[in-house]
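Working notes for the structure below.
The values are calculated or read from the model by the stated rules, or taken from the named source; none is laboratory data. This one's a predicted model, so the numbers in the text were calculated from it and none came from an experiment. Here the Cβ positions follow ideal geometry from the backbone for every residue, glycine too, while neighbour counts run over all protein chains shown.
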Amino acid sequence: MQISDIETSPNLVSLFLARADVLGDKPFLHAKQGKQWQAISWAEAARRVVLLAQALVGLGYKRGERILLVSENRPEWCIADLAIMAAGCITVPAYITNTERDHCHVLENSGARGVIVSGPKLAGPLLPAVLRSGQAEHVIAMEPLAVAQAGALEFHDWAALVTGDAVAARAAVDLRLAGIQRDDTACLIYTSGTGGAPRGVKQHHGAILHNATGACRVIAEDFSWDTTGATQDVFLSFLPLSHAYEHSAGQFLPIGLGAQIWYCEGLEKLASNIEEVRPTVMVVVPRLFEVLRARIIKQVEKQGKLANTLLQQAVALEARKAAGHYGLLDRALDGVIERLLRPKIRARFGGRNKAMVSGGAPLNPEIGRFFQAVGITMLQGYGQTESGPIAAVNRPRTGIKMDTVGTPLHGTQVRIAPDGEILLRGELVMHGYWRAEAETARVLKDGWLYTGDIGHLDAAGRIVITDRKKDMIVNDKGDNISPQKVEGMLTLQPEIAQAMVVGDKRPYIVGLIVPDAEWADEWATANGHHRADMRALQALPAFRSALRAAVDRVNADLSVIEKVRQFAFADEPFAIANEEMTPSLKIRRHKLKERYGERLDALYKG
């Protein structure tokens, strides 16, 4: 298995089948059945893919037609995705958190003629949307659905569609794949909607293959990769596969590497799954790193003074390394930390982790340096759905700098526009938005993707992101302020779980704050108040003063124009369920401003 196989593969399904032919009975997809992990081999996965593809063709689906895929992360997700493409169709992944209205938008916008759903739970909001939109004709369920009356829809059982003559199915698929090229659309990935209605990004086979090629080069050149297939890398998949980041980096990168994919049981089981699976590579979003950092700090605190001192020294040492100061005493201290602290923390991540790759949103450099300090290699990546989505990544070989997102992937061109906007060009760039010509023309010009991100290149060619162009706060004096920088610093405080700052065309910055629930419980107990009532705590002057002190600590490290002068409390945490966060855990600013606009405006009247 070579990188050249990926670079020259005509499409994603051909790459998968080529890997399956080589790896055969080796394990590929793993999921928990009851209390036991069960594996599906490469050969068995390939058999199911070609049989399902032929079943879709038998149902009347033609080349280029769209099929919606709604499922939790599980082996059938990967098999369905590949089968849709093997049938010559286009996958339309949908978030499992979608409401009926969300599903209606995606169905009507994509024109999907079919639906594959995991089971009754996700079919609940989906089927009414299917009926309302009148788009789809067939519903395929991975688990049986209790349907009393089908109406105009035809329902099909997954198990019945993955049986039959696999040899004949493979021959038919191979014949069809000969006509599917890298420029052909593989999927419509709907953006998670941080700023409005989601748009369908047309990702072609070549865009994802470009991403897989570039990422495989990083693994091969900076880490060990057994190209013989004798050993396999292990990925733990837990970010939603409907997100471009997990779809490319958590599914097709492992396929390119010939790696195993293990499907996490859920966020609440993530820590135990990590210890069981012992992944070599993990694809993670920054918010999760913030949570893991807080947990590690609390766990170390319970281990006594020595452990706490070692952790503090490790973080200080990493800061000195980042500043270019690393002397003989530091080298000796590093050795002590390596023996006494880091092995225990690495064990919590399975003990054989090569790298944790952060993407999907900006990572606070302090978070990155913390994980580097405790012995976990952190690679911050950069890109967007419109770029496959990976455009750049930090690399150990060229030096990891946590205030950058690294160097561009192989074959990716980067240019900085006069106003500081980052432009990308290469095979990774989308072919446009589905049924949105005006929006496509706005972001694609002369082959360049206008990312909407502001930044520059450092002396080593690494990309430095300063902010989103559309999120940049411009105060009433014309000063530019990065909200993500300020928010990231606020959420590093133990008292603050989430934050959003505003101040566009205003004299100063104000913030919306969600207190950390665990810290609030501890504060309430220590101060003789009821722990469960967050609203009542927020009304207490002493509680507000404690949060004010946290904000002031942040302000001490900010410039005059960045300081948060006033803040208000949110009524509840920002969450996917209340539509205030995307499924990839980015805040939806427009939703928060709609809900709390008057409260934030009032902070300027005091």
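When residue 367 is evaluated against the numbered criteria (1) under 28 Å from residue 231 (Cα atoms); (2) assigned to a helix (DSSP H, G or I); (3) among the β-branched types (Val, Ile, Thr), which criterion, by number, is the only one it fails?
Failing condition for residue 367: (1).
Got at least one residue in region 286-303 being modelled with pLDDT of 90 or more and either within 30 Å of residue 21 (Cα to Cα) or basic (Lys, Arg) (or both)?
The answer is no; no qualifying residue exists.
Spot the failing condition for residue 91; the list is (1) closer than 14 Å to residue 61 by Cα; (2) more than 21 Å from the chain's Cα centre (by Cα), and only one is missed.
It fails just one condition, (2).
Among 379, 341, 423, which is the only one that is at pLDDT 90 or above, under 19 Å from residue 248 (Cα atoms), assigned by TED's automatic domain parsing to the domain that holds residue 456 and crowded, with 17+ Cβ neighbours inside 10 Å?
After applying the criteria, what remains is 379.
For region 252-345, give me every one of the helices (runs of 4 or more DSSP H) that falls completely inside it and has 2 or more residues that are closer than 29 Å to residue 225 by Cβ and touching a residue at least 40 places away in the same chain (Cβ under 8 Å).
Per the criteria, 253-257, 270-277, 286-301, 305-322.
Across region 103-130, what is the number of residues that are more than 26 Å from residue 49 (Cβ to Cβ), out of contact with any helix residue (DSSP H, G or I) (no Cβ under 8 Å at 6 or more places or on another chain) and either surrounded by 14 or more Cβ atoms within 10 Å (Cβ to Cβ) or modelled with pLDDT of 95 or more (or both)?
Looking only at that region, the number is 2.
Would you please list the contacts, defined by Cβ atoms under 6 Å and residues six or more apart or on different chains, that run from a residue in region 481-508 that is among the polar types (S, T, N, Q) to a residue that is assigned to a loop (DSSP other than H, G, I, E, B) and modelled with pLDDT under 90?
Here the result reads 484/362, each pair linking region 481-508 to a residue that is assigned to a loop (DSSP other than H, G, I, E, B) and modelled with pLDDT under 90.
Kindly indicate the residue of region 560-580 that is closer than 19 Å to residue 482 by Cα and in contact with a strand residue (DSSP E or B) (Cβ under 9 Å, 6 or more places away or on another chain) and also surrounded by the most Cβ atoms within 10 Å (Cβ to Cβ) among those meeting that condition.
564
Looking at 552, 557, 533, can you tell me which residue is loosely packed, with under 13 Cβ neighbours inside 10 Å and at pLDDT 95 or above?
When all the criteria are applied, what remains is 552.
When region 383-417 is examined, which residues are found to be of a type in the set (Ser, Thr, Tyr) and more than 18 Å from residue 245 (Cα to Cα)?
Scanning region 383-417 gives 398, 404.
Answer yes or no as to whether residue 473 is surrounded by 18 or more Cβ atoms within 10 Å (Cβ to Cβ) and at pLDDT below 90.
In short, yes.
For region 94-186, give me every one of the helices (runs of 4 or more DSSP H) that falls completely inside it and has 1 or more residues that are outside the structural domain of residue 581 (by TED's automatic domain parsing) and in contact (Cβ under 8 Å) with a residue 60 or more places away in the chain.
Helices (runs of 4 or more DSSP H) meeting the threshold: 100-110, 158-161, 166-177.
From the set of residues in region 476-503 that are part of a loop (DSSP other than H, G, I, E, B) and small (Gly, Ala, Ser), which is modelled with the lowest pLDDT?
478
Which residues, counting only those in region 156-197, are crowded, with 21+ Cβ neighbours inside 10 Å and modelled with pLDDT under 95?
Scanning region 156-197 gives 190, 192.
For residue 261, which of the numbered conditions (1) loosely packed, with under 13 Cβ neighbours inside 10 Å; (2) aliphatic (A, V, I, L, M); (3) within 19 Å of the chain's Cα centre (by Cα) fails to hold?
(1)
Restricting to region 29-55, what's the tally of residues that are touching a strand residue (DSSP E or B) at 6+ places or on another chain (Cβ under 7 Å) and part of a helix (DSSP H, G or I)?
Total satisfying the criteria: 2.
If you scan region 74-92, which residues turn out to be under 15 Å from residue 243 (Cα atoms) and surrounded by 24 or more Cβ atoms within 10 Å (Cβ to Cβ)?
Listed by number, the residues that qualify are 77, 78, 81, 91, 92.
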